[in-house]
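The values are calculated or read from the model by the stated rules, or taken from the named source; none is laboratory data. Note that this is a predicted model, so its numbers are computed, not measured. Using ideal geometry, Cβ is built from the backbone for each residue, glycine included, and neighbour counts are taken over all protein chains shown.
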Amino acid sequence: MQPKIHATTVVGIRHNGQVALGADGQATMGNTIAKSNVRKVRVLMGGKILAGFAGSTADAFTLIERFEEKLNAYGGNLKRAAIELAKDWRTDRYLSKLEAMLIVASKDDLLIVSGTGDVLEPDSEIAAIGSGGVYAQSAAIALKKHASTLSAEEMVRESLHIAADVCIYTNHNLVVETL
C-alpha cells in the first residue's frame with residue numbers, strides 16, 4: 001500500500017518543450033508549521049535532471065542521494081535510474097521504511113517514483129504528489145488544456161498557488177526549477 005503523504009505539494013509539467021518542477025516550502029511537525037521555506041526541488045546531473053520530493057524530509061534526502069547514485073551508475077538515464085531506485089526502495093530493509101515520494105524529470109521524461117515499486121509516467125505530462133497534489137494536478141490539467149499560451153513554469157506556479165489556497169499543508173513559498 002502506498003503511503004499517504006501529508007506533507008507538501010509538488011507538481012511537474014512538460015509543455016511546449018519546457019519542463020518545470022516546483023514545490024511549496026512548508027514543513028510541518030504534526031499540525032504545526034516547523035519551517036516555511038524548505039527547498040524540496042533539486043537540480044541534478046549538471047542541470048539535466050530535476051527531482052522533487054514529498055514526505056519526510058530526512059527520508060526524501062536519503063532517496064534523492066540514492067537516486068543521484070543511480071543516475072551516475074546508469075550514465076544519466078532517468079528511466080533506468082528511477083526503475084533501479086524503485087526496486088531497491090521496495091526490497092531493501094532500510095529503504096522500505098522510508099516515507100516519501102519523488103517526481104523526477106528530464107527534457108524527455110516526467111516520472112513519479114514511489115516506495116511500492118511504482119515508476120509512473122503520468123497522463124497529460126503532468127505529475128503531482130503530496131497532500132495538495134490532487135488540487136495542483138487538477139489546476140494543471142485545466143491550465144494546460146485551456147491556457148496553452150502559458151509556459152510550463154507559469155502553469156506550475158499557478159497550480160501550486162491554487163493548491164496552497166486549499167491545502168493546509170501547502171504554502172505560497174515556492175521553488176520552481178526548469179529545464
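General observations
- Considered as a group, the residues in segment 47-98 that are at pLDDT below 90 and among the basic types (K, R) include one that is surrounded by the most Cβ atoms within 10 Å (Cβ to Cβ), and that residue is R90.
So that you can scan it fast, the table gives a plain yes or no per residue for (1) in contact (Cβ under 8 Å) with a residue 40 or more places away in the chain; (2) touching a strand residue (DSSP E or B) at 6+ places or on another chain (Cβ under 9 Å); (3) assigned to a loop (DSSP other than H, G, I, E, B):
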{"residue": "W89", "(1), (2), (3)": "no, yes, no"}
{"residue": "R93", "(1), (2), (3)": "no, no, yes"}
{"residue": "M101", "(1), (2), (3)": "yes, yes, no"}
{"residue": "V104", "(1), (2), (3)": "yes, yes, no"}
{"residue": "D108", "(1), (2), (3)": "no, yes, yes"}
{"residue": "T116", "(1), (2), (3)": "yes, no, yes"}
{"residue": "A127", "(1), (2), (3)": "yes, yes, no"}
{"residue": "Q137", "(1), (2), (3)": "yes, yes, no"}
{"residue": "K144", "(1), (2), (3)": "yes, yes, no"}
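- Of all residues in segment 123-133, those satisfying the criterion of being surrounded by fewer than 18 Cβ atoms within 10 Å (Cβ to Cβ) and either among the aromatic types (F, W, Y) or at pLDDT below 95 (or both) are D123, S124.
- Where a residue in segment 1-28 is of a type in the set (S, T, Y) and surrounded by fewer than 24 Cβ atoms within 10 Å (Cβ to Cβ) and its partner, wherever it lies, is part of a loop (DSSP other than H, G, I, E, B) and at pLDDT below 85, with Cβ under 7 Å and at least six apart: T28/A7
- Scope segment 67-121; condition within 19 Å of K48 (Cβ to Cβ) and among the hydroxyl-bearing types (S, T, Y); matching residues: Y74, S106
- Number of positions in segment 30-74 that are farther than 25 Å from T91 by Cα, in a loop (DSSP other than H, G, I, E, B) and either touching a His at 6+ places or on another chain (Cβ under 6 Å) or of a type in the set (G, A, S) (or both): 2
- Considering only residues in segment 162-179 that are of a type in the set (S, T, Y) and closer than 18 Å to S138 by Cβ, the one that is modelled with the lowest pLDDT turns out to be Y169.
- Selection within segment 134-158 - under 20 Å from K107 (Cβ atoms) and surrounded by 22 or more Cβ atoms within 10 Å (Cβ to Cβ): A140, A152, M155, V156
- The set of residues in segment 29-46 that are closer than 21 Å to V166 by Cα and surrounded by fewer than 19 Cβ atoms within 10 Å (Cβ to Cβ) comprises M29, G30, N31, T32, I33, A34, K35, S36, N37, R39.
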